[in-house]
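K.L.:
Structure incoming, see below.
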Amino acid sequence: MKNIAFSLCATAACALSAPAWAQEAPITYFTAAHMVDVESGKIVDQPIIGVREGRIISVADRKTAPLPANAKLVDLGNKTLLPGLIDMHVHLDSLAEIGGYNGLQYTDSFWSMVAVKNAHDMLQAGFTTVRNVGSADRNDIGLKQAIDGGYASGPRIVPAGYALGATGGHCDSTFLPPSLEKQQEGVADGEHGLRYEVRRQRKYGAEVIKVCATGGVFSRNTEPGQQQLSENELRAIADEAHQWGLKVAAHAHGASGIKAAIRAGIDTIEHASLVDDEGIKLAVARKQPVWFSMDVFNTDYTQSEGKKNGVLEDNLRKDREVAQIQRDNFRKAHKAGVRMVFASDAGVMPHGQVGGQFKIMVQYGMSAMEAIQAATRNAAQALGREKDIGAIAVGRYADMIAVDGDPLANIRALEDVDVVIKGGTVVKGAQ
């Protein structure tokens with residue numbers, strides 16, 4: 001590994017002193033052979049990180065900053081430390097193993113129960129923060145409250161509540177006949193109705209607004225390329241959400257829907273499968289940052305296991321049709337300079353396997369460091385939470401992971417995370 005001088009704190013006095021807001025509780029120190037500094041894009045040797053009350057209070061070079069006497073030390077030996085990973089597109093109350101109409105065998109509350117396991121699996125995979133872009137019954141909001149209250153184990157959740165969409169669109173219920181239909185929350189038509197739904201989701205705990213701008217792969221009677229909300233409707237959603245201080249994520253496979261969402265001021269474009277050259281240029285040029293959130297791995301699972309799991313052939317057909325195009329457009333968008341974040345669409349694939357996406361991101365044009373930054377620094381910026389997460393830095397939550405070897409030389413090291421630390425507490429490994 002490349003060894004560089006670590007200049008954040010050069011002396012023990014600087015490195016091991018705490019800010020004024022953190023002078024009371026004891027400090028725990030974490031050290032390892034190496035650390036990935038996602039802000040500089042470099043590897044740091046022999047880091048030592050001081051943690052008090054869940055936040056990082058110092059980052060220093062262990063060679064020049066010896067520990068105070070009787071300090072508590074967690075020594076991770078020859079491992080490499082990274083910031084806790086961030087997945088920007090998950091569905092914690094979905095199961096990839098139950099597809100199509102098979103889900104009708106289960107009672108409504110079943111999905112909130114499996115969400116608990118899925119959250120645990122994601123945390124164990126090294127994802128200490130996730131953005132849940134749409135759930136039934138506000139399961140993501142309830143699960144966030146349970147995790148924050150210490151009643152369940154899982155990552156920090158940025159919940160959306162119900163996703164917004166047009167009548168008959170991807171975010172509507174499209175699998176049942178009219179005789180069994182009930183009004184789907186989040187579904188509305190026209191600018192006024194959609195503004196109301198933004199306010200309603202925020203009222204009940206949403207921290208991001210999810211909207212379906214186009215058709216989708218795993219809905220019925222919609223096609224991925226089909227635009228389903230007008231640019232004016234999308235702009236109304238973005239304006240209303242931004243007024244309340246919320247970001248907006250737009251499910252958008254099709255080129256026209258992607259461009260409408262970018263022009264409307266949407267913050268992240270989910271999937272972006274069929275983006276054209278004009279859409280890429282719009283994303284690069286927009287002054288207000290827009291991020292592409294492209295799930296380029298899950299098709300490996302859906303195509304190999306989907307039929308067995310009950311996924312309908314029409315959905316598998318759509319998945320096949322967009323999969324390679326999406327991966328090629330990922331390469332094209334990255335090369336053009338589009339801002340990118342890590343997004344797995346966990347729930348379409350098992351939550352514990354999402355680390356496998358890193359290798360696809362590298363295969364389709366990113367360096368290993370860029371792929372890691374997409375799941376750390378970039379994701380934190382896209383969330384507007386870079387003061388709390390996304391890097392191992394003073395003031396941020398002590399959310400960290402550790403792996404054997406050098407993830408810059410072998411990105412697949414992130415498929416098997418050895419140690420997970422959330423808020424300064426070791427939740428996997430190094431017990």
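K.L.:
Roughly what percent of Cα-Cα pairs across region 358-402 reach past 13 Å?
P.N.:
On the way: 554 of 990 pairs.
Taking all Cα-Cα pairs of region 358-402, the fraction more than 13 Å apart is 56 percent.
K.L.:
Among Phe297, Phe110, what's the order by accessible area (1.4 angstrom probe), most exposed first? Spell out each step's value before the answer.
P.N.:
Details: Phe297 25, Phe110 50 Å².
Result, largest first: Phe110, Phe297.
K.L.:
Would you calculate the volume per residue, in Å³, of the smallest convex hull containing every Cα atom of region 290-361? Before the final figure, lay out each step's value.
P.N.:
Working: hull volume 6.3 nm³, N = 72.
Expressed per residue, the convex hull around the Cα atoms of region 290-361 is 87 Å³.
K.L.:
For region 329-389, give the percent of accessible area contributed by carbon and sulfur heavy atoms, probe 1.4 Å, rounded to a whole number. It would help to have the intermediate numbers written out before the result.
P.N.:
On the way: 860 of 1960 Å².
The value for region 329-389 is 44 percent carbon and sulfur by accessible area.
K.L.:
Scattering from the C-alpha atoms of region 65-141 alone, worked out with Debye: what is log10 I(q)/I(0) at q = 0.24 1/Å?
P.N.:
The Debye formula, applied to the Cα set alone, gives -1.16.
K.L.:
Another question about this same structure. Probe of 1.4 angstrom, ligands and nucleic acids ignored: what's the accessible area per residue over the chain, in square angstrom? Intermediate results must be reported in sequence, preceding the final value.
P.N.:
Details: 17250 Å² over 431 residues.
Ligands and nucleic acids excluded, the figure is 40 Å² per residue.
K.L.:
Separate question: Using only the heavy atoms of the protein chains and a 1.4 Å probe, how would Lys307, Lys247 rank by accessible area, largest first?
P.N.:
Per-residue accessible area, sorted high to low, gives Lys307, Lys247.
K.L.:
Continuing with this model, one more query. Rg(Cα) of region 110-192 divided by 2.2 N^0.38 Å? Can you show the working numbers first?
P.N.:
On the way: Rg = 15.0 Å, N = 83, 2.2 N^0.38 = 11.8 Å.
So the Cα radius of gyration is 1.27 times the expected 2.2 N^0.38 Å.
K.L.:
Among the trypsin sites (Lys or Arg not before Pro) in region 326-396, which ones are in a DSSP loop with at most 14 other Cβ atoms within 10 Å of the Cβ? Mind listing them?
P.N.:
Numbers: sites: Arg327, Arg331, Lys332, Lys335, Arg339, Lys359, Arg377, Arg385, Lys387, Arg396; in loops: Arg385, Lys387, Arg396.
Loop-located and lightly packed - Lys387.
K.L.:
Under 25 °C and 0.890 mPa s, how fast does region 99-149 diffuse according to Stokes-Einstein, given a Kirkwood radius computed over C-alpha pairs? Answer in µm²/s, whole number. The partial results should precede the final answer.
P.N.:
On the way: Rh = 12.0 Å.
My calculation gives 204 µm²/s for D.
K.L.:
Could you tell me which trypsin sites (Lys or Arg not before Pro) in region 167-225 are loop residues by DSSP with no more than 10 other beta carbons within 10 angstrom of their beta carbon? The partial results should precede the final answer.
P.N.:
Working: sites: Lys182, Arg195, Arg199, Arg200, Arg202, Lys203, Lys210, Arg220; in loops: Lys182, Arg220.
Hits after loop and neighbour filter: Lys182.
K.L.:
Then there is this: Given a 1.4 Å probe and the protein chains all in place, what does the accessible area of Ser94 round to, in Å² to the nearest 10?
P.N.:
For Ser94, solvent-accessible area is about 40 Å².
K.L.:
If you wrap a convex hull around the alpha carbons of region 194-262, what volume per residue comes out, as a whole number of Å³?
P.N.:
Details: hull volume 5.7 nm³, N = 69.
In region 194-262, the Cα hull volume divided by residue count equals 83 Å³.
K.L.:
Further question on the same structure: For the chain, what is the charge dipole size about the Cα centre, in debye to the nearest 20, if Lys and Arg each add +1 at the Cβ and Asp and Glu each add -1 at the Cβ? The partial results should precede the final answer.
P.N.:
Numbers: 46 positive and 50 negative charges, 186 e Å.
Dipole size: approximately 900 debye.
K.L.:
If you plug each phi of region 129-143 into the Karplus form 6.51 cos²θ - 1.76 cosθ + 1.60 with θ = phi - 60°, what whole-Hz ³J(HN,Hα) values come out, in order, with x for Gly and Pro?
P.N.:
Using θ = phi - 60°, the values come out as 9, 9, 10, 8, 9, x, 8, 7, 6, 6, 4, 5, 6, x, 5 Hz.
K.L.:
As I understand it, the value is the acute angle between the Cα axis of helix 231-243 and the longest principal axis of the Cα atoms of the chain; what does it come to in degrees, rounded to 10?
P.N.:
40
K.L.:
Quick check: residue separation of Glu181 and Glu370 times 0.36 nm, minus the Cα distance between them. What number comes out in nm? Display every interim value, and only then the final one.
P.N.:
Values: separation 189, 0.36 × 189 = 68.04 nm, distance 4.49 nm.
Computed gain between Glu181 and Glu370 is 63.6 nm.
K.L.:
Using a 1.4 Å probe and counting only protein heavy atoms, arrange Ser273, Ser179 so the residue with the most accessible area comes first.
P.N.:
Numbers: Ser273 0, Ser179 105 Å².
The ranking, largest first, comes out as Ser179, Ser273.
K.L.:
Also, quick follow-up: Can you grab the distance from the C-alpha centre of region 305-329 to the C-alpha centre of region 197-223, Å, no decimals?
P.N.:
Region 305-329 and region 197-223 have Cα centres spaced 21 Å from each other.
K.L.:
Could you compute Rg(Cα) / (2.2 N^0.38 Å) for region 323-431, with N its residue count? The partial results should precede the final answer.
P.N.:
Values: Rg = 14.5 Å, N = 109, 2.2 N^0.38 = 13.1 Å.
For region 323-431, the normalised Cα radius of gyration comes out at 1.11.
K.L.:
In degrees from 0 to 90, rounded to the nearest 10, what is the angle of the helix 255-264 Cα long axis to the longest principal axis of the chain?
P.N.:
The angle comes out near 60 degrees.
K.L.:
Moving on to the next point. Roughly how many whole Å is it from the C-alpha centroid of region 396-418 to that of region 108-147?
P.N.:
23
K.L.:
Sticking with this structure for a sec: Taking only DSSP H segments of four or more residues, each worth -39500 (n - 2.57), what value at 222 nm results for the chain once the sum is divided by all its residues, to the nearest 500 deg cm²/dmol? Please list the in-between numbers first.
P.N.:
Numbers: 12 runs with 130 residues, N = 431.
Counting only the DSSP helices, I get -9000 deg cm²/dmol.
K.L.:
Right, something else. With a 1.4 Å probe and all protein chains kept in place, how much accessible area does Trp244 have, in Å² rounded to the nearest 10?
P.N.:
Accessible surface of Trp244 is approximately 110 Å².
K.L.:
How big is Rg to Rh over region 217-374, alpha-carbon atoms, Rh as the Kirkwood inverse-mean-distance radius?
P.N.:
Details: Rg = 15.4 Å, Rh = 16.0 Å.
My calculation puts Rg/Rh at 0.96.
K.L.:
Rg to Rh ratio, the chain, alpha-carbon atoms and Kirkwood radius? Could you put the intermediate results ahead of the total?
P.N.:
On the way: Rg = 21.6 Å, Rh = 22.0 Å.
Ratio of gyration radius to Kirkwood radius: 0.98.
K.L.:
Under Stokes-Einstein, with the Kirkwood radius over Cα pairs standing in for Rh, what whole-number D in µm²/s applies to region 283-327 at 4 °C and 1.567 mPa s? Don't skip to the end; give the middle numbers.
P.N.:
Details: Rh = 12.2 Å.
The diffusion coefficient I find is 106 µm²/s.
K.L.:
Another question, then. With everything on Cα atoms, drop me the angle between helix 110-124 and the longest principal axis of the chain, reported from 0 to 90° to the nearest 10.
P.N.:
Approximately 30 degrees, to the nearest 10.
K.L.:
Ignoring ligands, DNA and RNA, what percent of the 1.4 Å accessible area of region 68-215 is carbon and sulfur? All intermediate terms of the calculation are to be shown ahead of the outcome.
P.N.:
Numbers: 3180 of 6280 Å².
Whole-percent figure for carbon plus sulfur exposure: 51.
The values are calculated or read from the model by the stated rules, or taken from the named source; none is laboratory data. Only a predicted model underlies this, so the values are computations on that prediction, with no experimental measurement involved. Quick reminder, even Gly has a Cβ in these numbers, built from the backbone with ideal geometry, and neighbours come from all protein chains shown. What goes into the accessible areas is simple: the full protein's heavy atoms, side chains included, and nothing from ligands, DNA or RNA. Shrake-Rupley method; radii C 1.70, N 1.55, O 1.52, S 1.80 Å.
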